[in-house]
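Q: I am attaching a structure below and will ask some questions about it afterwards.
The values are calculated or read from the model by the stated rules, or taken from the named source; none is laboratory data. What you see is a predicted model; the values in this text were computed from it and never measured. When we count neighbours, we look across all protein chains shown, and the Cβ atoms used for this are built from the backbone with ideal geometry, even at glycine. SASA here: full protein model, heavy atoms, side chains in, ligands and nucleic acids out. Shrake-Rupley method; radii C 1.70, N 1.55, O 1.52, S 1.80 Å.
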Amino acid sequence: MLAIHLTQFGEPEKSLKVVDVPAPPAPTAGQALIQVEYAPLDHHDLLLAQGIYPVRPELPTAIGNEGVGTVVSVGPDVTQVRPGDRVLLPFGVFSWSAQVVAKAADLSVLDKSISLDQAAMLSINPVTAGLLVGLRDLPAGSWVVQNAANSGVGRSIIVFAKERGLRTINIVRRAELVNELEDLGADVVVVDSADAGARVREAIGSDPVLLGLDGVSGTATTLLLDVLTDGALLVIYGYLSGWPFTPDPDALKTKNITTTEFWMYQDEFLPRLPALNAQSARLVAEGKLVLPSAPVYQAADFPEALAYFRKNGKVLLDFNPHRA
């Protein structure tokens, strides 16, 4: 069967190979055999390939941090899933392989009304958003400020915050995104500029802003610090700028701002992932959350998919040979 294997840590174009490998053995007690349908290629997958992601598996191995599949068969005494169920692939089961075996108890069954492309992208960006907006216990009506508001995580933050009764301040880089995010439910959207902080204050008055979510880092953090108020928590969850988190220490001290770095697979968050998978699926099924679309490439065409990703962003890899 077809898989995409990481052969060495380093440059993805050289270290990620399309290979033919034996199919997995039949599932044993507590396991399920799954046909992988779609699996995304995203930034965190390449970080893993480069050896700079918190997960560092033994090589060679398939990688891929999320995906959706169909249960083919189950082991003895498995009651959580049955053949034909559509499921999310859990953390630790690398998705870039035509078939995988997983613990049945770790699988989240999806309503088949959710399209395969939306299902494939459910378990990281929306779940990250659900965790981020819950990192501080804020009363309804409180403000949360974020950059990278047009990203997959950023769009999900808008929806999850609204579900919790929170209001969002959203920083973007292009004016054409303002109306689009407002239609999604964003309360305030501003384009990053020298006067963005002042425009935020015009919109929200003297209200406190006690939670900031930074997916960009580098110089972009400065605007978040400008908007946040005394005693706020600033969470760094991404580095889209390519630059490290280097805030002005005087700004942190003056406002008594606490900072923390976030990774969704920390031990404290793992028990919450199944419920957030289910909530994400519900929001998509209800039409409240629409994940950004991505083109689909056959897994055998991985080099072309990677080249597209380098220029344009996320793609989906199709591992079901019956659709080829």
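Q: Specify the residue with the greatest mean-square fluctuation among S280, S241, S217, computed from a Gaussian network of the chain linking alpha-carbon atoms under 10 Å apart.
A: Comparing S280, S241, S217 in the GNM, the peak value goes to S241.
Q: Expected output is a single nm value to one decimal: the length gained when fully extending between S293 and K112, i.e. 0.36 nm times separation in residues minus the C-alpha distance. What is it?
A: On the way: separation 181, 0.36 × 181 = 65.16 nm, distance 1.80 nm.
Contour length minus the Cα-Cα distance gives 63.4 nm.
Q: Sequence gap at least 6, Cα distance under 8 Å: using those rules, report the relative contact order of the chain to the nearest whole percent. Mind dumping the intermediate values first?
A: On the way: 678 pairs, mean separation 57.1, N = 324.
Taking the mean separation of contacting Cα pairs over the length of the chain, I get 18 percent.
Q: Whole number please: convex hull volume per residue of the Cα set in the range 209-324, in Å³?
A: 169 Å³
Q: Below 12 angstrom from the Cβ of V188, what's the summed charge of the other residues (Lys, Arg +1; Asp, Glu -1)?
A: Value of the local net charge: -1.
Q: Using the structure shown, list the pairs from K255/K314; K17/K314; K103/K162; K17/K288 with a Cα-Cα distance above 27 Å, or answer none.
A: K255/K314; K103/K162; K17/K288
Q: Straight-line reach from K14: which aspartates and glutamates have Cα under 16 Å away, leaving out those fewer than 8 places along the same chain?
A: Filter leaves D45, D301, E304.
Q: Same structure, new question: Distance in nm between label sites at V18 and D248, each 7 Å beyond Cα in the beta-carbon direction?
A: In this crude spin-label approximation the distance works out to 5.1 nm.
Q: Right, something else. Taking the Cα atoms only, what angle lies between the long axis of helix 302-312 and the longest principal axis of the chain, rounded to 10 degrees?
A: Helix 302-312 sits at roughly 10 degrees to that axis.
Q: Moving on to the next point. As a test of reading the structure, rank T229, T259 by solvent-accessible area (1.4 Å probe, protein chains only), most first.
A: Descending order: T259, T229.
Q: Over the range 152-202, what portion of Cα pair distances is larger than 13 Å, expressed as a whole percent?
A: Every Cα pair in the range 152-202 considered, those over 13 Å come to 55 percent.
Q: Under a Cβ-Cβ cut-off of 11 Å, what is the net charge of the residues other than V144 that fall near it, where Lys and Arg count +1 and Asp and Glu count -1? Can you show the working numbers first?
A: On the way: positive: R136, K162, R164, R167; negative: D187.
That works out to +3.
Q: Still on this structure: Compute the acute angle (0 to 90°) between the alpha-carbon long axis of helix 152-163 and the principal axis of greatest extent of the alpha-carbon atoms of the chain; round to the nearest 10°.
A: Orientation of helix 152-163: about 70 degrees from the principal axis.
Q: Test of understanding: given the chain, find the longest segment containing no GluC sites (Glu not before Pro) that are in a DSSP loop and have at most 15 other Cβ atoms within 10 Å.
A: For GluC sites (Glu not before Pro) (loop position, at most 15 other Cβ atoms within 10 Å), the longest site-free span of the chain is 59-175.
Q: Which aspartates and glutamates, if any, have their Cα less than 17 Å from the Cα of K112, not counting same-chain residues under 8 positions apart?
A: Straight-distance partners of K112: E37, D85, E286.
Q: Follow-up. Could you work out the relative contact order of the range 190-295? I mean the mean sequence separation of Cα pairs under 8 Å and 6+ apart, divided by the number of residues, in percent.
A: After rounding, I find 21 percent.
Q: Let me check the size of the range 1-157 from its C-alpha atoms; what are the radius of gyration and Dmax in Å?
A: 17.3, 54
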